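Since the structure comes first, as structure tokens, the remarks are kept for the end.
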Amino acid sequence: MILYLHGFRSSPQSMKARLTGERMAQLGRSAEFICPQLPASPKLAMELALKLVDGIPPDELTIIGSSLGGYYATWMAEKLGCRAVLLNPAVVPMLDLDQHVGVTTAYHSDEPFEFKPEYIEELRALAVPQVSQPERYFLVACTGDEVLDYRDMVAHYAGAKQKVVQGSDHAISAYAGYLGEVLEFCGVTGEIQ
């Protein structure tokens, strides 16, 4: 089972979420892919995510998280003992997101939503100072990320499987080229049907 967690202002309509879902469908494994629209509240986002994977054994679950979703995926992987794939993950989002407090819009729908000041504290409560079992993590970090510094990611996930992509961008525009490796780490193999 794969739980995909999108980033701040993003949605299940993001390029990476769609490509991952499409590949799972091509493999005949659509039922093993969950990608919810996360609420703006980190606390509510994690409550929803935990509910969606309740009862799934940790060795059968991988959480893929992009940007802020990578921060969430790290907290969940530590809590549940499952694997996580981190796509240009936020390492300390409290520092970056405080400038986004207020009403903003979602990228794929222009729907307005409010990012409240108390959400910064909710983010702080999810902090993982150091991952306990780096072998359960796969980091994909782009040196050309215009939003987050890839060096922070590489340092935070020291000892994990790491793919440092030269150049590219925060969205990982060439994600389709890395998807096979991502799914292999998730334990998803097979021929496209």
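The values are calculated or read from the model by the stated rules, or taken from the named source; none is laboratory data. The model shown is predicted, which means the values in this text are computed figures rather than measured ones. Note that each Cβ is placed from the backbone with ideal geometry, even for glycine, and that neighbours are counted across all protein chains shown. Just so you know, the surface numbers come from the protein's heavy atoms only, side chains and all, with ligands and any DNA or RNA stripped out. Shrake-Rupley method; radii C 1.70, N 1.55, O 1.52, S 1.80 Å.
Here are a few things to note about the model shown:
- Residues in the range 142-167 that are open to solvent by less than 50 Å² (accessible area, probe 1.4 Å) and part of a loop (DSSP other than H, G, I, E, B): Thr143, Gly144, Asp145, Leu148, Tyr157, Ala160, Gly167.
- Residues that are more than 12 Å from Val131 (Cα to Cα) and touching a helix residue (DSSP H, G or I) at 6+ places or on another chain (Cβ under 9 Å) within the range 83-95 comprise Val85, Leu86, Leu87, Asn88, Pro89, Ala90, Val92, Pro93, Met94, listed in sequence order.
- Looking only at the range 82-126, and only at residues there that are in a loop (DSSP other than H, G, I, E, B), touching a residue at least 40 places away in the same chain (Cβ under 8 Å) and more than 20 Å from Ala17 (Cβ to Cβ), the one that is farthest from the chain's Cα centre (by Cα): Lys116
- Whichever residue in the range 1-23 is aliphatic (A, V, I, L, M) and crowded, with 22+ Cβ neighbours inside 10 Å and, among such residues, is nearest to Pro93 (Cα to Cα): Leu5
- Here Gln13 meets the list (1) within 19 Å of Phe138 (Cβ to Cβ); (2) of a type outside the set (Phe, Trp, Tyr); (3) out of contact with any Leu (no Cβ under 8 Å at 6 or more places or on another chain); (4) outside any helix (DSSP H, G or I) almost entirely, failing just condition (1).
- When the range 38-57 is filtered for residues that are touching a residue at least 24 places away in the same chain (Cβ under 8 Å) and touching a helix residue (DSSP H, G or I) at 6+ places or on another chain (Cβ under 9 Å), the ones remaining, listed by number, are Leu38, Ala40, Ser41, Pro42, Lys43, Ala45, Met46, Ala49, Leu50, Val53, Ile56.
- Selected residue (criterion: farthest from the chain's Cα centre (by Cα)) from residues of the range 42-81 that are buried (at least 20 other Cβ atoms within 10 Å of the Cβ) and farther than 23 Å from Phe113 by Cα: Leu61
- Residue list for the range 181-191, filter: in contact (Cβ under 8 Å) with a residue 12 or more places away in the chain and closer than 16 Å to Val85 by Cβ: Glu181, Val182, Leu183, Phe185, Cys186, Gly187, Val188
- Number of the condition not met by Gln37 [criteria: (1) closer than 19 Å to Val85 by Cβ; (2) in contact with a His (Cβ under 9 Å, 6 or more places away or on another chain); (3) surrounded by fewer than 18 Cβ atoms within 10 Å (Cβ to Cβ)]: (1)
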